[in-house]
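Engineer: Take this structure first; my questions come after.
The values are calculated or read from the model by the stated rules, or taken from the named source; none is laboratory data. Since we're looking at a predicted model, the values are computed, not measured. In this analysis, Cβ positions are derived from the backbone assuming ideal geometry, glycine residues included, and neighbour counts consider all displayed protein chains.
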Ligand code: IMP
């Protein structure tokens, strides 16, 4: 029995949902530890296809307890609609869901404040998902947040909300925007909370007991390591900690309890929003990948930027997260390409080959990637289920990734379903 953390090893959208689903088949408990409804994952299981943002991935398994830890920020409206969708699919989650009262609440002013920031930055804007993540986490660390715990006491909530509306409305008015009305926000949030309060309960004891029992636990990271607020391409990053280490703080689990870290990476690279992406393809090949991979954002529907696999970056994120295995997803998207490139490092404007971690986002923007080139397999792989049936050139591609990233590739995924997964034999 073990504790597994699943994280994104690139810029998010690596198809982590599929791997959390797969790895949590036997899990007693699955938990989210960061981000909010800026995340979006699709899971295809025998109950149907679910597009979710907040609910932990173990929801479909009646034996799995689902936890939303204090590192997550909660949009009550999103959570309510997900629970409704799950209920409509005939799955009962109420008894199995624990949402930490320590979670901060996304308030209606957070996306509004974010929109003002984004507009003010103009061309330098981050290109956020518009879910208010920056402002809600900023309120959290500046002691201005409203937590789920506050909503249990109407008086406490009212007084905190009044102060925050005074501050936020001043900003909205300064930018000629309509101010938010206290009573409207107050009543809306209390009404939403009333429908959720039975699942808002402290999960610390439950988690500790599960750890002591040696239960199978899967901790799911949202976004990707390169969007981490400290180690990502700041300020083109997200507001939370997206690293495996974030699972400890974001759930209250000691780091030494974590046995395995699975880094999920696409067989190529994608990114949504602004910021450097050295291996981006702005040509027809990028289009081919976007179409074949259906690369459009789950939350915003924006087309994702597509490019070659950047081994230098994933080597870095594998080290940063202590990945024990890589899950390489969407290999089938490369099926039609006659030649493939893999980024192996950067040449900055001033010379020597360098690593991602040596500079900031502006420096990375000016770097040219160095590539190696491989022959494509040009055969369909989406129905392959065993390593030995994968074309030899596809095997060579996977082995090259493994070598360059310096971490074993444990699985290759060739489609969205659970079964479209190939276990890779260790070398
Ligand atoms: P925010 O998290 O909405 O503040 O957006 C900050 C940056 O992170 C933007 O570039 C977003 O496109 C990106 N981002 C946030 N969540 C995700 C995700 O789940 N997948 C991919 N990119 C994301």
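Engineer: Being under 25 Å from residue 99 (Cβ atoms) and in contact (Cβ under 8 Å) with a residue 24 or more places away in the chain is the filter here, so list the residues in region 156-178 that pass it.
Structural biologist: Result: 157, 158, 161, 164, 165, 168.
Engineer: Scan region 243-254 and tell me whether some residue there is more than 15 Å from the chain's Cα centre (by Cα), closer than 26 Å to residue 118 by Cβ and surrounded by fewer than 21 Cβ atoms within 10 Å (Cβ to Cβ).
Structural biologist: The answer is no, given that none of the residues of region 243-254 is more than 15 Å from the chain's Cα centre (by Cα), closer than 26 Å to residue 118 by Cβ and surrounded by fewer than 21 Cβ atoms within 10 Å (Cβ to Cβ).
Engineer: Let me ask something additional. Can you find a residue in region 74-94 that is within 12 Å of the ligand (Cβ to nearest atom), surrounded by 18 or more Cβ atoms within 10 Å (Cβ to Cβ), closer than 20 Å to residue 187 by Cβ and touching a residue at least 40 places away in the same chain (Cβ under 8 Å)? Walk me through it before giving the result.
Structural biologist: Quick first cut of region 74-94, residues within 12 Å of the ligand (Cβ to nearest atom) only: 75.
Keeping just the survivors that are surrounded by 18 or more Cβ atoms within 10 Å (Cβ to Cβ) gives 75.
Now narrow it down to the ones that are closer than 20 Å to residue 187 by Cβ: 75.
With touching a residue at least 40 places away in the same chain (Cβ under 8 Å) added as a condition, the list becomes 75.
Yes, region 74-94 has at least one match.
Engineer: Moving on to the next point. Taking the residues in region 338-355 that are within 15 Å of residue 376 (Cβ to Cβ) and touching a helix residue (DSSP H, G or I) at 6+ places or on another chain (Cβ under 7 Å) as candidates, determine which candidate is surrounded by the fewest Cβ atoms within 10 Å (Cβ to Cβ).
Structural biologist: Once the filter is applied, the top-ranked residue is 340.
Engineer: State all residues of region 397-415 that are assigned to a loop (DSSP other than H, G, I, E, B) and out of contact with any strand residue (DSSP E or B) (no Cβ under 8 Å at 6 or more places or on another chain); if no residue qualifies, say none.
Structural biologist: Across region 397-415, the qualifying residues are 406, 415.
Engineer: Confirm whether residue 183 is in a helix (DSSP H, G or I), touching a strand residue (DSSP E or B) at 6+ places or on another chain (Cβ under 7 Å) and surrounded by fewer than 17 Cβ atoms within 10 Å (Cβ to Cβ).
Structural biologist: no
Engineer: Out of 55, 49, I need the residue that is under 20 Å from the mean Cα position of the chain (by Cα), without any contact (Cβ under 8 Å) to a residue 12 or more places away in the chain and farther than 22 Å from residue 236 by Cβ. Which one?
Structural biologist: Result of the check over 55, 49: 49.
Residue-by-condition table, conditions (1) part of a strand (DSSP E or B); (2) farther than 19 Å from residue 146 by Cβ:
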site: 37; (1), (2): no, no
site: 42; (1), (2): yes, yes
site: 77; (1), (2): no, no
site: 85; (1), (2): no, yes
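Engineer: Across region 223-282, what is the total count of residues that are in contact (Cβ under 8 Å) with a residue 12 or more places away in the chain and either outside any loop (DSSP other than H, G, I, E, B) or in contact with a strand residue (DSSP E or B) (Cβ under 6 Å, 6 or more places away or on another chain) (or both)?
Structural biologist: 33
Engineer: Looking at region 356-374 only, could you name the residues that are loosely packed, with under 14 Cβ neighbours inside 10 Å, under 17 Å from residue 308 (Cα atoms) and within 26 Å of the chain's Cα centre (by Cα)?
Structural biologist: Listed by number, the list is empty, since nothing qualifies.
Engineer: Somewhere in region 56-65, is a residue surrounded by 24 or more Cβ atoms within 10 Å (Cβ to Cβ), within 20 Å of residue 223 (Cα to Cα) and in contact with a helix residue (DSSP H, G or I) (Cβ under 7 Å, 6 or more places away or on another chain)?
Structural biologist: Yes - at least one qualifying residue is present in region 56-65.
Engineer: Next up: Among (1) within 22 Å of the chain's Cα centre (by Cα); (2) at pLDDT 95 or above, which single condition is residue 109 missing?
Structural biologist: Of the numbered conditions (1) within 22 Å of the chain's Cα centre (by Cα); (2) at pLDDT 95 or above, the odd one out for residue 109 is (1).
Engineer: What residue, of 153, 181, is closer than 19 Å to residue 77 by Cα and free of Cβ contacts under 8 Å to residues at least 12 places away in the same chain? Working first, answer last.
Structural biologist: Working: 153 fails: closer than 19 Å to residue 77 by Cα.
Only one candidate passes the filter, namely 181.
Engineer: While we're on this one: Conditions first: (1) within 14 Å of the ligand (Cβ to nearest atom); (2) within 17 Å of residue 36 (Cα to Cα). Residue 249 passes all but one, so which condition is the exception?
Structural biologist: (1)
Engineer: Please work out if residue 118 is over 28 Å from residue 211 (Cβ atoms), within 14 Å of the ligand (Cβ to nearest atom) and without any contact (Cβ under 8 Å) to a residue 24 or more places away in the chain.
Structural biologist: Answer is yes for this residue.
Engineer: Pairs only if they're at least six apart or on different chains, beta carbon under 6 angstrom, first in region 295-314 and without any contact (Cβ under 8 Å) to a residue 12 or more places away in the chain, second outside any helix (DSSP H, G or I) and within 12 Å of the ligand (Cβ to nearest atom); list them, first residue then second.
Structural biologist: Short answer, once both residue conditions are applied: 296/303.
Engineer: Is it true that some residue in region 138-150 is within 16 Å of the chain's Cα centre (by Cα), surrounded by 20 or more Cβ atoms within 10 Å (Cβ to Cβ) and either within 16 Å of the ligand (Cβ to nearest atom) or under 29 Å from residue 64 (Cβ atoms) (or both)?
Structural biologist: No, every residue in region 138-150 fails to be within 16 Å of the chain's Cα centre (by Cα), surrounded by 20 or more Cβ atoms within 10 Å (Cβ to Cβ) and either within 16 Å of the ligand (Cβ to nearest atom) or under 29 Å from residue 64 (Cβ atoms) (or both).
Engineer: Looking at residue 234 and the list (1) surrounded by fewer than 19 Cβ atoms within 10 Å (Cβ to Cβ); (2) within 16 Å of the ligand (Cβ to nearest atom); (3) over 20 Å from residue 138 (Cα atoms), which single condition is not satisfied?
Structural biologist: Against the list (1) surrounded by fewer than 19 Cβ atoms within 10 Å (Cβ to Cβ); (2) within 16 Å of the ligand (Cβ to nearest atom); (3) over 20 Å from residue 138 (Cα atoms), residue 234 comes up short only on (3).
Engineer: If we keep just the residues of region 300-336 that are assigned to a loop (DSSP other than H, G, I, E, B) and surrounded by 19 or more Cβ atoms within 10 Å (Cβ to Cβ), which is farthest from the chain's Cα centre (by Cα)?
Structural biologist: Filtering region 300-336 down to residues assigned to a loop (DSSP other than H, G, I, E, B) leaves 300-302, 304, 308, 322-324, 330, 335-336.
Next, only the ones that are surrounded by 19 or more Cβ atoms within 10 Å (Cβ to Cβ) stay: 304, 308, 323, 330.
Numbers: 304: 15, 308: 20, 323: 16, 330: 17 Å.
Checking each candidate, the answer is 308.
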